[in-house]
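The values are calculated or read from the model by the stated rules, or taken from the named source; none is laboratory data. As the structure is a computational prediction, the values presented were derived from the model and not from experiment. Note: ideal-geometry Cβ built from the backbone for every residue, glycine included; neighbour counts use all protein chains shown. These accessible areas exclude ligands, DNA and RNA; they are computed on the full protein's heavy atoms, side chains included. Shrake-Rupley method; radii C 1.70, N 1.55, O 1.52, S 1.80 Å.
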Amino acid sequence: MRKGTETSLPRRTPRTYRLARISVFSALSVIGSFIHPPSPIQTVAFDSSPGFFAALYFGALDGASVSGIGHVVTSIISGFPLGVLHLPIALGMAAAGATMGSINRVSYRWGFVAAVVAGIAINTGLVIVAVPVLGWGAALAFLPFLFLAASLNGIVAALAYVGVRRRLKL
């Protein structure tokens, strides 16, 4: 093609670069997993912020990967308090990351707001998975803590995204 006739096709990210990026943000999730807001279950932590940011900035695949890995790592660090139920929760967190990445692509200017709201809703809704272990009463009592943590994670990710989206080219 001649220089002036190029179309604006999305540039494909090399696999090595994407793997390194996911690894770095997963490592940030590990660091965040040690920061716990007050909650009766210690898997509630700031492990979702890097996944939410990755979803907003890099897209659905990176967001899903980092969010899922982030939850698994937090569960390991916390000693798997919900047992095998952490696997469906990790898949739900991956779905939250993928959804956020997809929604954010709709509108560059304000898409992140709807994406963060969706991520918080999915993250909070995952309390349903804990009902077999906790029971309905405990799960409903845990809901405000989970909502607060998901909201804080979403706000941190959104602030970081808005701060760097025009300056950083990764």
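Could you run through the range 91-111 and say how many residues are out of contact with any Ser or Thr (no Cβ under 7 Å at 6 or more places or on another chain), at pLDDT 95 or above and not polar (S, T, N, Q)? Matching residues across the range 91-111 total 7.
For the structure I just gave you, tell me whether ALA139 is crowded, with 17+ Cβ neighbours inside 10 Å, assigned to a helix (DSSP H, G or I) and either without any contact (Cβ under 8 Å) to a residue 12 or more places away in the chain or over 18 Å from the mean Cα position of the chain (by Cα) (or both). For ALA139, the condition - crowded, with 17+ Cβ neighbours inside 10 Å, assigned to a helix (DSSP H, G or I) and either without any contact (Cβ under 8 Å) to a residue 12 or more places away in the chain or over 18 Å from the mean Cα position of the chain (by Cα) (or both) - is met. The single condition among (1) in contact (Cβ under 8 Å) with a residue 40 or more places away in the chain; (2) assigned to a helix (DSSP H, G or I) that GLY125 does not satisfy is (1).
Residues that are open to solvent by 10 Å² or more (accessible area, probe 1.4 Å) and touching a residue at least 24 places away in the same chain (Cβ under 8 Å) within the range 29-43 comprise VAL30, PHE34, PRO37, PRO38, SER39, PRO40, ILE41, GLN42, THR43, listed in sequence order. Only one of the numbered conditions (1) within 30 Å of TYR108 (Cβ to Cβ); (2) outside any helix (DSSP H, G or I); (3) open to solvent by 80 Å² or more (accessible area, probe 1.4 Å); (4) touching a residue at least 12 places away in the same chain (Cβ under 8 Å) is violated by LEU61, and that is (2).
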